[in-house]
Every structure is written in structure tokens, then in C-alpha cells.
Amino acid sequence: MRIRSIAALVLAMIVGGMLCFGDESAPQQAKPSRLQAMQKEKVRLLALRRKLIKEKTAPREMFRLLNATVAQGNYEQYKANITLMNRYVEYMDQADRKHLDDKVKLYAKLAECHKVYAKQNEALFKAYKAYDSGAFNDALAEIEKIEQRINALGGKISRDWFLPSELEKVPLPGQESAQPKTTTTAPKSS
């Protein structure tokens, strides 16, 4: 029953998407929220995975198709991280000229984070091209740690792709989000 519901949902989203793209005279809709974009990507990946399994696709080809969006996103983000690294180096120089030691340290840390991030973008893309799922997953794990560090330093992360760990947490459209379980303590007996 659940599989049928998900299949019907996927089919409805695909047909709905085709109808939206087919009508050129339709007014432009607002950009979907990040949650909606994540849900759409999760549905797309689930449908693709089912299709590939049904067609008995070779593991290497499955890896290539299922991770193409993440690999392409990292390929594009590499340049953005290099640019951000250079920008923080410039900010660091400006802060140094103004004798703002705290800002110099902050910008140096952010520049280093984006340098390491760019290296992980490159490592992930190379692992994707080599069909190396271990190195691919290691790079994703490192990217997640780097992003946490950048956020802790007050930097901002802007990317158009989603980490698999983010997609795991997102409910499918129409599902309730997983609420954290509250633990109740048993009454004390006397």
C-alpha cells in the first residue's frame, strides 16, 4: 500500500511538472523553498533508484546516475570556493591594515575553510569520475564537517545541490516530519 502511494505521488509530480513546463503562457511561479526543492530531489532519486533496480542496472552505472547531481554541484562549487577563499584573503589584508587582529584571525580561518572545501569539491568530483564510492562518501563527510565549521565562524554556505544526509532527514511531500521523541520519566514509586 505504501509503495503504491509513493508511486502515485511520484507519477503525479512528474505529470504535474510536465503540465507546468508545457504551458508557456502560464505565469512564472515563485522559486520553490529549500524544503520543497529537497523534497523534489528526494522523490526524483527514489524514482530513479527504483527504475534502475527494476532494470537491473550495473552498479557502476547506478553510482554514476544517482550521484550525478552532487558531482556536478561540486564541480561548479569548486570555483565559487576558490573565489570566496580569495575574497577572505583580501578582507584579511584590509583588516590587517586597519589593525583589526580579531577580524584578521576570523578571515584567515574562513579563507582556510574555503580552501579545504575547494579541495574536497575536487576530490569528490575525481572520485565520481573514478567510480570510487568510498572516496566519494569520504569527501561528502568532510564537506559536511567543513560547512559546520564555516557556519560556526559566521560564514555562509550557498550551494544548489543537497547532501545525502540532508535528504535523509526530509519527509516526502505529504508526510509528517519526524518529531523528536520525548522521553517521559516513570513516576517514582515510594
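The values are calculated or read from the model by the stated rules, or taken from the named source; none is laboratory data. Keep in mind the model is a prediction, meaning the values are calculated, not measured. Cβ sites come from the backbone with ideal geometry, for glycine too, and all protein chains shown count toward neighbours.
Worth a mention:
- Residues in segment 154-174 that are touching a residue at least 40 places away in the same chain (Cβ under 8 Å) and among the charged types (D, E, K, R) were compared, and the one that is farthest from Lys105 (Cα to Cα) is Glu166.
- Checked against (1) under 14 Å from the mean Cα position of the chain (by Cα); (2) modelled with pLDDT under 95, Leu19 passes all but condition (1).
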